[in-house]
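Written out below as C-alpha cells is the structure these notes cover.
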Amino acid sequence: MYGIVLDSSISQEGTTSTISNNLCVNNRIGIYIQNYNHADYGQAEIAIIDNTMISCGLLIYWDGGRTVDFEISGNTVNGRPLIFFQNRENSWVPSGAGQIILFNCRGITVRGQTLRNCSTGLLVYNTSHSLFVDNILGDNAIHGIQVHNSHNNHFTRNLFTNNDSYGIYLHGNCRNNSLDWNIFIGNANHNACDQGPNFQSPGANIFDCNYWANYTGYDLNWDSYGDIPYNVTGNADNRDLHPLMTPFAAILGHWQKPLFFLLEGYAILIIVIVVVILVRMQLRRLTPSSTSNHRSTGK
C-alpha cells in the first residue's frame with residue numbers, strides 16, 4: 001500500500017528528515033508523510049527530493065494544525081514533474097504536471113492539467129481564491145482532488161473519472177467553495193464528498209450545474225437540468241440543485257444555458273416558417289387556377 005512512510009513524530013524539533021533518490025512503483029501511496037505538525041512533537045523540517053514515482057504519488061497528512069516549510073523538488077510522477085507550491089500568490093501552475101500540491105497559497109490557477117494514475121491527482125491545503133478549470137483527474141488510487149482547510153475557490157469544467165474513491169473530497173474545514181459545470185463519471189464511491197458546513201449554513205460550499213453519471217432523476221420540462229436535486233455525500237447534506245442531464249451540457253459550461261435558449265429560439269422560428277409554407281401549399285391546392293376555370297366552361 002505504501003512505498004515509504006515518514007512519521008515525523010519520531011523526529012526532534014529543529015531536525016531535518018530527508019527522503020531522496022527513491023523509486024516507488026505501483027503503490028497506492030508512493031511517499032506518505034504523517035504527524036509532521038503534531039503539537040506533541042514540535043516541527044521537524046522535511047525534504048523530499050529527486051524521487052521517482054510511477055503509478056503512485058505523494059500524500060501529506062494534514063489535520064489543520066501548524067504548517068511547516070517543506071523542501072519538495074526534483075520529484076516526478078509518471079515521468080512528469082510533481083509541482084509543489086508553498087506560500088505562493090497569484091501564480092499559474094505550469095502545464096504538464098504529473099501531480100500538483102498547493103500549500104498555503106492564494107490566487108493560484110490550475111488549468112488544462114491531466115492528472116492520472118497517481119495517489120491523489122491534486123492536493124489543496126490551506127489555499128484560497130484559486131481557480132481549478134478544464135482539468136482531467138482520473139484513475140487515481142484515492143481521490144481526483146482532496147481539499148483541506150481551503151476557502152473561496154472555484155472548481156469548474158473539470159472531468160473526474162474512475163478514481164478509486166471520490167472525484168473530489170472536501171474536508172470539514174472547507175468553506176465557500178463553488179463547484180459547477182464539472183463531469184463526474186465512474187468514481188468508485190459517490191463522486192463527491194462534502195464534510196463542510198451544512199448546505200443551509202453560512203459558509204456552505206456550493207454545488208450547481210454539474211453532471212453526475214449516477215443521477216437517477218428526470219427532466220420533464222426538457223430544459224437539460226434535472227427536476228430534483230442531486231444529493232452529495234457527506235456531513236454537509238449538500239445537494240446540486242440543477243444537476244445536468246448530459247455531460248455535453250457541462251462541456252458547453254456557462255454558455256450552455258444561453259445557447260440552449262438561442263437554439264430554442266431558432267427552433268421556434270424554423271417551426272413557424274415550416275407551418276407558413278405548409279399553409280400556403282394547402283391554400284394553393286384548394287384554390288382553383290384560372291386555367292382550370294377556363295377548361296371547366298368548355299370555351
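Only the coordinates and a few stated rules stand behind these numbers; no lab work does. If you're wondering where the values come from, they're calculated on a predicted model, not measured in any experiment. Cβ placement follows ideal geometry from the backbone for every residue including glycine, while neighbour counts extend to all protein chains displayed.
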3J(HN,Hα) from dihedral phi, region 234-243, Karplus parametrisation 6.51/-1.76/1.60, rounded to Hz, x for glycine, proline: x, 5, 5, 6, 7, 7, 8, 6, 10, x
What is region 155-201 by shape, rounded, prolate or oblate, if you read a ≥ b ≥ c off the alpha carbon gyration tensor as root eigenvalues and call it rounded for a/c under 1.5, prolate for a/b larger than b/c, and oblate otherwise? oblate
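Tell me the relative contact order for region 95-143 as a rounded percent, counting alpha carbon contacts under 8 Å between residues six or more apart. Kindly include the intermediate steps, with their values, before the conclusion.
Values: 104 pairs, mean separation 21.1, N = 49.
Here the relative contact order equals 43 percent.
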Taking region 78-254 and dividing mean pair separation by its residue count, relative contact order in percent (alpha carbons under 8 Å, at least six apart): 13
Ordered by residue, what ³J(HN,Hα) values in Hz, to whole numbers, does region 113-130 give under the Karplus form 6.51 cos²θ - 1.76 cosθ + 1.60, where θ = phi - 60° and Gly and Pro are x? 8, 10, 10, 10, 6, 10, 6, 10, x, 9, 10, 10, 10, 6, 10, 9, 6, 10
Region 81-97 - phi-based ³J(HN,Hα) in whole Hz, Karplus 6.51/-1.76/1.60, Gly and Pro as x: x, 7, 8, 10, 10, 10, 6, 9, 9, 6, 10, 9, 7, x, 5, x, 6
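For region 120-157, which chymotrypsin sites (Phe, Trp or Tyr not before Pro) pass both filters: DSSP loop (anything but H, G, I, E, B) and at most 10 other C-beta atoms within 10 Å? It would help to have the intermediate numbers written out before the result.
Values: sites: Y125, F132, F155; in loops: none.
Listed in order of number, the matching sites amount to none.
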Please list the non-local residues whose amide H lies under 5 Å from the amide H of I206, H modeled 1.01 Å from N, same-chain partners needing a gap of 5 or more. N177, S178, L179
